[in-house]
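Visitor: Supplied in structure tokens, the structure appears directly below.
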Amino acid sequence: MSYSLYFVHPVVMLAVAHTVNGRAPLIAVVAMVPIPSILVAFLAQRLVEVPAMSLGRWASAVLSRKVSY
């Protein structure tokens, strides 16, 4: 999940900052980012990364059978 977290945390941070829009101090915005970032990263991993890796393994197996000598 580390890649997903690395990938989504800037988006979540900007979304939180935009939503708060100056109504909270910066430290509050920073404190609000970790939990939503982890949740979005978890969803991204389950809904995008895992299916994509499965598809890649399947495609590799199919192609290796067609190319086998």
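Visitor: Report Rg (one decimal) and Dmax (nearest whole number) for the chain, counting Cα atoms only, units Å.
Guide: 18.5, 66
Visitor: Using the Cβ atoms and a cut-off under 13 Å, what net charge is assigned to the surroundings of Ala59, where Lys and Arg are +1 and Asp and Glu are -1?
Guide: +3
Visitor: Between Ala28 and Ala61, what is the label-to-label distance in nm when each label sits 7 Å out along the Cα-to-Cβ direction?
Guide: 5.2 nm
Visitor: Okay, next question. Within the accessible area of the chain, what % is carbon and sulfur when the probe is 1.4 Å and the other protein chains stay in place?
Guide: The C+S portion of the solvent-accessible surface of the chain is 74 percent.
Visitor: Averaged per residue, what accessible surface does the chain expose to a 1.4 Å probe, in Å²?
Guide: 81 Å²
The values are calculated or read from the model by the stated rules, or taken from the named source; none is laboratory data. Please read these numbers as outputs of a predicted model, since none were measured by experiment. Positions of Cβ are backbone-derived with ideal geometry, glycine not excepted, and every protein chain shown enters the neighbour counts. Side chains included, ligands, DNA and RNA excluded: accessible areas come from the protein's heavy atoms. Shrake-Rupley method; radii C 1.70, N 1.55, O 1.52, S 1.80 Å.
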